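Remarks on the structure that follows.
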Amino acid sequence: QVQLGESGGGLVQPGGSLRLSCAASGFTFSSAAMRWYRQAPGKQREWVAFITSGGGTNYVDSVNGRFIISRDNAKNTVYLQLNSLKVEDTAVYYCNTVHRGVAYWGQGTQVTVSS
């Protein structure tokens with residue numbers, strides 16, 4: 001079955017960096033588009049970044065130029081590099097894929113940006 005597992009979150013000061021990872025299994029990862037979402041306390045989950053099977057990327061405006069999504073098909077892993085972090089980036093970050101019409105989510109990883 002499809003499984004997604006995020007890691008790499010933590011506490012970081014404003015201006016700092018983190019790299020999130022999402023390990024995937026149960027589907028042909030190299031053929032799948034992958035997404036990162038986040039959910040801040042009291043807010044709806046929002047889409048953050050997208051990468052196609054071919055490596056094309058897209059970002060929500062608020063993170064464009066600061067975050068980088070990438071993938072390693074040999075490791076069945078998608079990454080999200082978070083740079084120049086701001087307090088408002090604090091959220092639980094989730095990876096996502098859609099397989100045979102069904103959306104799958106990992107358990108999330110907490111990113112807290114605070115001084």
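So, in the stretch 38-54, of the ones that are of a type outside the set (A, V, I, L, M, F, W, C) and closer than 18 Å to His99 by Cα, which residue ends up surrounded by the most Cβ atoms within 10 Å (Cβ to Cβ)?
Residues of the stretch 38-54 that are of a type outside the set (A, V, I, L, M, F, W, C), as a first pass: 38-39, 41-46, 52-54.
Now restrict to residues that are closer than 18 Å to His99 by Cα: 52-54.
Working: Thr52: 12, Ser53: 14, Gly54: 9.
Taking the candidates together, the pick is Ser53.
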Hey, Ser25 at pLDDT 95 or above, in contact with a Leu (Cβ under 9 Å, 6 or more places away or on another chain) and of a type in the set (Ser, Thr, Tyr) or not: yes
Hey, could you check the stretch 1-25 for residues that are part of a loop (DSSP other than H, G, I, E, B) and in contact with a strand residue (DSSP E or B) (Cβ under 7 Å, 6 or more places away or on another chain) and say which is surrounded by the most Cβ atoms within 10 Å (Cβ to Cβ)? Gly9
Give the residue that is nearest to Val92 (Cα to Cα), with candidates limited to residues of the stretch 26-37 that are out of contact with any Ser or Thr (no Cβ under 9 Å at 6 or more places or on another chain) and surrounded by 14 or more Cβ atoms within 10 Å (Cβ to Cβ). Tyr37
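Looking at Ala74, Ala103, which one is within 19 Å of Phe29 (Cβ to Cβ), of a type outside the set (Ser, Thr, Tyr), at pLDDT 95 or above and part of a loop (DSSP other than H, G, I, E, B)? Let's see the steps before the verdict.
Details: Ala103 fails: part of a loop (DSSP other than H, G, I, E, B).
None of the others qualify; the one that does is Ala74.
The values are calculated or read from the model by the stated rules, or taken from the named source; none is laboratory data. The shown structure was predicted, so the numbers you read here are calculated from the model rather than taken from an experiment. For neighbour counting, all protein chains shown are included, and Cβ atoms are generated from backbone atoms with ideal geometry for every residue, glycine included.
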